[in-house]
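To keep things clear, I will list the structure first and then write my remarks on it.
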Amino acid sequence: MSKPVLNIEHVRQRLAEIESTQHLQLHAFKSIDSTNLWLLKHGQCADVCIAQKQTQGYGRQGRRWHSPDVGNLYFSLKTCFNEVPKHYSLLSLQVAICLAETLEELGMTGHRLKWPNDLYYGDKKLGGILLQSQKPKEVIIGIGLNINMPTSEAPNIDQKWGNIKPLGFKLENLDKLFIKLLEKLSIALDRFSELIVMDFVNQWNSWDMLLNQSVQITQNNQCYQGKMTGIDTSGRIKLMDKSGDEQHFSSGDISVRL
Ligand code: BTN
């Protein structure tokens, strides 16, 4: 199996040439505990931390993010806003849209987003996003993307997973993917305070893999069943039950009902 590896010097050079990414500072490691942790401890605004391997990669709800040195993408970006953005609760969804759009621009099709910010193809998770914040105006955005995870790693992963390589992603485009994603993120973060919420909701719904599906949401040991009808203007998911009543959820595990 060929392992895609980023050409860090090339990436650094391109980031310096592109207007929206010129301010980013890239810190690259062969191995690290976690790129999010590194930024939490040492990060300055506009720092990007990337690693070939993470020994303690983690995801939402304290889950482990298995991060072997196989050519997957593990990176985090520390972004600082002048003011706490009005639509802060939409930020993680915005990051997910940037990821989905970048892959689309690189020729990938058929991928979708699962609320709040997972990248899927069919029922397989390809990537995840973790936002962490120590101060209201500062956010660390961590992204993990399976590019070429070998099946021998399957016992270490506790959910259905997939890679982007079999979906038409060319390994030689890894530099391009990372640069484009940083460019897209930088532009979106820069414009985030001017977000037009109704446009954003429509944009999210066009990527939403669960829209109009019958699902079950588990929250605080309670189960709710109904049809997903998209997100509201705060980024909460909307579930319509049999009687037509709509409930909004800001957290919870969602599974599709067959
Ligand atoms: C999830 O789906 O639960 C989110 C996964 C986020 C993983 C990324 S990999 C880079 C960054 N460093 C971490 O330790 N986690 C995030």
_Residue order, fewest to most surrounding Cβ atoms within 10 angstrom, among 137, 227, 30_ = 30, 137, 227
*Can you list the aspartates and glutamates whose alpha carbon sits under 15 Å from that of residue 238, skipping same-chain ones fewer than 8 residues off?*
208, 246, 253
*Straight-line reach from residue 170: which lysines have a Cα under 27 Å away, not including same-chain ones fewer than 8 places off?*
3, 30, 53, 114, 124, 125, 160, 180, 184
*Once you measure Cβ to Cβ distances between cysteines in the chain, which Cys have no partner under 4.7 Å?*
49, 98, 223
*Hey, can you rank 231-239, 138-146, 126-134 by average C-beta count inside 10 Å, highest first?*
138-146, 126-134, 231-239
*Can you list the residues, at least 5 places off or on another chain, whose amide H is less than 5 Å from the amide H of residue 162, using H built in the peptide plane?*
125, 126
*asked:* For a test of the definition: using alpha carbon positions, the gyration tensor, and the 1.5 limit on a/c, classify the range 1-93 as rounded, prolate or oblate.
replied: oblate
*For the chain, what is the relative contact order in percent, using Cα pairs closer than 8 Å and at least 6 residues apart in sequence?*
16
*Using θ = phi - 60° and the Karplus form 6.51 cos²θ - 1.76 cosθ + 1.60, what ³J(HN,Hα) does each residue of the range 214-230 get, whole Hz, x for Gly and Pro?*
7, 9, 10, 10, 10, 9, 6, 6, 10, 10, 10, 10, x, 10, 6, 10, x
*asked:* Quick check on the chain: helices-only [θ] at 222 nm, where DSSP H runs of length 4 and up contribute -39,500 (n - 2.57) each and the sum goes over total residues. Nearest 500, please.
replied: -7500 deg cm²/dmol
*Please turn the phi angles of the range 134-141 into ³J(HN,Hα) values with the Karplus equation 6.51 cos²θ - 1.76 cosθ + 1.60 (θ = phi - 60°), one per residue in order, whole Hz, x for glycine and proline.*
9, 10, x, 8, 10, 10, 9, 10
*What ranking do 224, 121, 88 get, fewest neighbouring Cβ atoms within 10 angstrom at the top?*
224, 88, 121
*Please report the relative contact order for the range 1-131, taking Cα pairs under 8 Å with a sequence separation of at least 6, and give it as a percent rounded to a whole number.*
17
*Output ³J(HN,Hα) for the range 75-85: one whole-Hz value per residue in order, computed from phi by the Karplus curve 6.51 cos²θ - 1.76 cosθ + 1.60 with θ = phi - 60°, and x for Gly and Pro.*
8, 9, 10, 9, 10, 10, 9, 5, 10, 4, x
*Give, rounded to the nearest 20 debye, the magnitude of the charge dipole that the chain has about its Cα centre when Lys and Arg contribute +1 at Cβ and Asp and Glu contribute -1 at Cβ.*
560
*When a footprinting reagent is the concern and you count Cβ atoms within 10 Å, what order do 199, 69 take, fewest first?*
199, 69
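Every number here is computed from the coordinates shown, using simple stated rules; none is lab data. The structure presented is a predicted model; accordingly, all values stated were derived computationally and were not measured. Neighbour counts are summed over all protein chains in view; Cβ atoms, including those assigned to glycine, are modelled from backbone coordinates with ideal geometry.
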